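The values are calculated or read from the model by the stated rules, or taken from the named source; none is laboratory data. Every value quoted in this text rests on a predicted model; they were computed, and no experiment measured them. Cβ placement follows ideal geometry from the backbone for every residue including glycine, while neighbour counts extend to all protein chains displayed.
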Amino acid sequence: MSYRVVADSSSNLFELPGVDYAFAPLKIVTDEAEYIDNPDLDVADMVEALRHTKSKSSTSCPNAADWLEAFGEAENIIALTITSNLSGSHASAQMAAREYQQAHPQARICVIDTLSTGPEMALLMEKIRDGIRENLSFERICEKVKDYQKHTHLLFCLESMINLARNGRVNPAAAKLAGILGIRAIGVASEEGTLEMLHKCRGERKTLETILQEMIQRGFQGGAARITHCFNLTAAQALKELIVGRFPASNVEIGPCTALCSFYAERGGLLVGFEDGIC
Ligand code: X90
């Protein structure tokens with residue numbers, strides 16, 4: 001049985017080694033330029049250019065045609081989207097799925113609203129890959145990933161929420177928390193797939209310790225954790241060391257944010273996806 005895994009580029013992954021994978025890119029748009037979240041883009045250049053631009057910047061999600069292109073001609077498709085509460089990506093993917101199903105009545109397609117993004121989405125993708133490798137049925141894989149989703153979480157730590165606030169993705173009061181220089185705001189993806197702020201923290205050490213405490217409080221017991229960072233490898237590594245110091249058997253990997261997450265998480269931002277102990 002042939003499978004294709006598809007996700008929008010908010011997953012920060014342009015490939016998923018070992019499986020047929022395609023992504024649907026989001027875009028960052030200003031009056032002067034359009035940045036497509038794909039491997040050709042130099043994210044450092046984009047972040048720098050955005051820092052100096054006076055024009056308004058916004059983002060746009062893939063449309064149904066973009067999703068259809070990513071679906072290709074696959075027989076079995078599992079598609080993952082960024083939370084439907086903050087983006088139209090999920091609605092586009094659903095529309096594309098209906099069209100695809102009409103054109104390919106034999107095909108099977110499942111579109112999952114991750115109610116999250118970034119590294120939590122990456123964990124769900126890994127779970128799908130495990131299912132494909134184990135030769136599980138399409139239904140079983142979809143069921144398993146939806147079940148796993150109940151046990152995965154996303155925490156994040158931002159040094160600025162300007163782009164989130166300007167684009168109406170967070171309420172202004174929450175944005176104000178992170179607006180003060182030198183203060184980092186820690187938040188979580190809520191069960192409804194919205195941003196919920198938890199703490200403001202001063203100093204990197206304290207911030208990372210608070211993230212680990214929040215992970216433990218949400219049931220982390222040393223399973224898988226995926227960290228993505230926006231030009232902050234040092235903090236990502238320090239967080240990994242903290243996690244592994246406390247849970248030596250944990251499986252922690254670090255990767256960079258691509259364009260969409262870099263735009264919203266902004267320079268210095270960290271995102272942590274992790275599974276709770278029941279997994
Ligand atoms: O459709 C679009 O234009 C994309 C809109 C995306 C808005 C939010 C992206 C957030 C990226 C920031 C911290 C994590 C928040 C998680 C909330 C569920 C990363």
Strands (runs of 3 or more DSSP E) enclosed by the stretch 188-279 - at least 3 residues per element that are without any contact (Cβ under 8 Å) to a residue 40 or more places away in the chain and touching a Gly at 6+ places or on another chain (Cβ under 9 Å):
195-202
State which residue is surrounded by the most Cβ atoms within 10 Å (Cβ to Cβ) when the search covers only the stretch 12-44 and only residues that are under 24 Å from N135 (Cβ atoms) and of a type outside the set (D, E).
L13
Can you name the residue in the stretch 52-68 that is among the polar types (S, T, N, Q) and out of contact with any strand residue (DSSP E or B) (no Cβ under 8 Å at 6 or more places or on another chain) and, of all such residues, is modelled with the highest pLDDT?
N63
Strands (runs of 3 or more DSSP E) contained in the stretch 69-178 and holding at least 2 residues away from the ligand (no atom under 16 Å from the Cβ) and either at pLDDT 95 or above or over 22 Å from V272 (Cα atoms) (or both):
76-81, 108-113
Any idea how many residues of the stretch 40-68 are within 20 Å of E266 (Cβ to Cβ) and either basic (K, R) or assigned to a loop (DSSP other than H, G, I, E, B) (or both)?
9
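Name the single residue, out of those in the stretch 25-39 being within 19 Å of the chain's Cα centre (by Cα) and assigned to a loop (DSSP other than H, G, I, E, B), that is nearest to S87 (Cα to Cα).
Looking only at the stretch 25-39, we keep the residues that are within 19 Å of the chain's Cα centre (by Cα), and these are 25-28, 35-39.
Narrowing further to those that are assigned to a loop (DSSP other than H, G, I, E, B): 25-26, 37-39.
Details: P25: 13, L26: 10, D37: 15, N38: 18, P39: 22 Å.
Only one residue fits best here, namely L26.
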